[in-house]
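Quick notes on the structure that follows.
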Amino acid sequence: MPPSPPVSETSASETSTSESSTPETPLPEAGGKPGRRAGFLAGCRPATRRIHAPILDLAASRGHLNPRGLGRARAFSDLGSLGQSSVGFETLADYAAADEAGRAPYGGAEYGIVQSPEADAVGRKFAAMHGGAGAVVCASGLAAIATVLDAFAPKLVLIPDGIYFPAWRYMSETGRAELLTYPAGASGAEVGALIREAGRRAAPADTMLYLEAPGSGTFEIPDIAGIVEAAARAGLRTVMDNTWASHVRFRPLDHGIAIAIQATTKHEGGYGDTPSGIAVARHEPDLARLRRQLRISGHGAVSPQTCTRLFHRVDGTQARLDRHAASAATLMQWFEGQAFATDILSPARPASPWHARFTQYFGAGNGLFTVVFDEALPAERVHAFVDALLLFRVAESWGGHVSLVLPVHPRRDPALLPKGAMFRFHAGLEEADDLVADLAQAARAAF
Ligand SMILES: *Cc1c(COP(=O)(O)O)cnc(C)c1O
């Protein structure tokens, strides 16, 4: 059997199927980074070794952080459909009825490209977890965002300046909606003023109020209740990217938000191998529009294996999030004692200006935080520190079992941002003391 992830997954079917062995990893050269990583792992605890030992050399794994088999992918590929495009009907009348409804009697849509029965099952599960009328599943978190924007085709969208950058890029490069920006940590009054400004430019039915909390990379938290109240008074549709919190920490629909979006690529899949996104609608008519949009765009063609994996993994989200958050707290404490770190951005820290709202809305955090490095340090020293890390892999995305690090470049007025280089860390599911030891060895090497 391949090594199992340190936080158990809940599906019996996942563990009962035999799997092929993990691929052979060529023995790394002693002098290079893979060799140093192998040596470092020899002193780490089993949970950390299980996560990293199969992937010592990123070139050999072609950059993948999951060996084949970890995450139990194989168990499904032999059992589930590989994704059927055609859905068959015995009579023309049956087909006509399904085509009209956009639903097949077997589950899923009348055409497999629109939504599979597996995606349907995931959608039902997420809708139940969020208290929504239903949900659609898309091939990525960004595709879910695009689906929501395209489905409602607003002429004007109010967005936070800390919005997930690719979402902003989608909105601005498609150019279909005018964008009005509010501060990521805005009060209800500030957004209320912007809503009045929006009212002079577009009708309420053509205006969308888009929330994301906390802000990507820098973690500001807006006055969600005040903003939603202002939007409701003006009759605007509200949408929230809830990827950071996941349904475990925050349920947007409970707070009056019409559509919740989650990049299930992140926390809900949990092992970096479920590229997908979900949009949960509070009301039936909105759900119908989202479903219709999948028919129009084809963005609902998600691998059934991904859906099946997600369906089971989501049950372990809370346990994993709690562990990510606890490890992040340990790592932040270590950074607090380092002269090279001038600030640590995380609303989970009592010192954060966003901590009161964090407590009000989320109660607990996740594995993410951003370290601000002393602006007096030359960039090469900071880069040397990051490059010397052996367990923290330089990679996009987050929310998985592997700890990650990535530079943060907020596209905002630099005057409003901390001075000094910023790097976002994600605490994975390794043992926290191994991660601290990794940080310490990198600091010794670089500073
Ligand atoms: C990652 C992310 C997304 C997009 O998810 P993908 O599956 O990577 O497309 C959207 N919003 C937030 C806040 C994210 O962090």
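Under the condition of being within 22 Å of GLU380 (Cα to Cα) and among the charged types (D, E, K, R), which residue from region 390-447 is surrounded by the most Cβ atoms within 10 Å (Cβ to Cβ)?
Once the filter is applied, the top-ranked residue is ASP438.
Between a residue in region 151-169 that is without any contact (Cβ under 8 Å) to a residue 40 or more places away in the chain and any residue that is within 11 Å of the ligand (Cβ to nearest atom), which pairs come within a Cβ distance under 6 Å, given they are 6 or more apart or on different chains?
PRO166/LEU142
Taking only region 387-418 into account, find how many residues are hydroxyl-bearing (Ser, Thr, Tyr) and within 13 Å of the ligand (Cβ to nearest atom).
Counting residues in region 387-418 that are hydroxyl-bearing (Ser, Thr, Tyr) and within 13 Å of the ligand (Cβ to nearest atom) gives 1.
Could you look through region 112-136, keep only residues that are at pLDDT below 95 and crowded, with 20+ Cβ neighbours inside 10 Å, and pick out the one that is nearest to the ligand (Cβ to nearest atom)?
Within region 112-136, the match that is nearest to the ligand (Cβ to nearest atom) is ALA119.
Please verify whether region 201-223 includes one or more residues that are within 16 Å of the ligand (Cβ to nearest atom) and of a type in the set (Val, Ile, Thr).
Yes, that holds for at least one residue.
Can you spot a residue in region 295-311 that is at pLDDT 95 or above and in contact with a Lys or Arg (Cβ under 7 Å, 6 or more places away or on another chain)?
Among the residues of region 295-311, at least one is at pLDDT 95 or above and in contact with a Lys or Arg (Cβ under 7 Å, 6 or more places away or on another chain), which makes the answer yes.
Do we find a residue being polar (S, T, N, Q) and modelled with pLDDT under 85 anywhere in region 86-107?
There is at least one residue in region 86-107 that is polar (S, T, N, Q) and modelled with pLDDT under 85.
Among (1) outside any loop (DSSP other than H, G, I, E, B); (2) within 16 Å of the ligand (Cβ to nearest atom), which single condition is GLU197 missing?
(2)
Considering only residues that are of a type in the set (Val, Ile, Thr) and not in a helix (DSSP H, G or I), which ones fall in region 221-242?
Correct list: ILE221, THR238, VAL239.
From the list ALA427, ALA445, ALA351, pick out the single residue that is in contact with a Gly (Cβ under 7 Å, 6 or more places away or on another chain) and among the aliphatic types (A, V, I, L, M).
ALA427
Here is a list: LEU391, LEU417. Which entry is of a type outside the set (Lys, Arg), in contact with a helix residue (DSSP H, G or I) (Cβ under 8 Å, 6 or more places away or on another chain) and in contact (Cβ under 8 Å) with a residue 60 or more places away in the chain?
LEU391
Here is a check on your reading of the model: is SER397 within 30 Å of GLN84 (Cβ to Cβ), polar (S, T, N, Q) and in the same structural domain as VAL248 (by TED's automatic domain parsing)?
Criteria not met by SER397.
Looking at GLY277, GLY337, GLY298, which is the one that is out of contact with any Phe, Trp or Tyr (no Cβ under 9 Å at 6 or more places or on another chain) and on the phi > 0 side of the Ramachandran plot? It would help to see each step written out before you state the result.
Working: GLY277 fails: on the phi > 0 side of the Ramachandran plot; GLY337 fails: on the phi > 0 side of the Ramachandran plot.
Going through GLY277, GLY337, GLY298 in turn, the sole match is GLY298.
Go through region 137-181 and count every residue that is within 16 Å of the ligand (Cβ to nearest atom), among the aliphatic types (A, V, I, L, M), farther than 28 Å from LEU416 by Cβ and part of a loop (DSSP other than H, G, I, E, B).
Total satisfying the criteria: 1.
Among the numbered criteria (1) crowded, with 24+ Cβ neighbours inside 10 Å; (2) closer than 30 Å to ALA203 by Cα, which one does ASP286 miss?
Checking ASP286 against (1) crowded, with 24+ Cβ neighbours inside 10 Å; (2) closer than 30 Å to ALA203 by Cα, the one that fails is (1).
Name the single residue that is nearest to the ligand (Cβ to nearest atom) among those in region 254-281 being over 26 Å from SER346 (Cβ atoms) and buried (at least 22 other Cβ atoms within 10 Å of the Cβ).
So the residue we want is SER276.
Quick one: is GLY43 under 23 Å from SER327 (Cα atoms) and at pLDDT 80 or above?
yes
The values are calculated or read from the model by the stated rules, or taken from the named source; none is laboratory data. Here the structure is a predicted model, which means the values were calculated and not measured. So basically every Cβ, Gly included, is an ideal-geometry build from the backbone, and we count neighbours across all protein chains shown.
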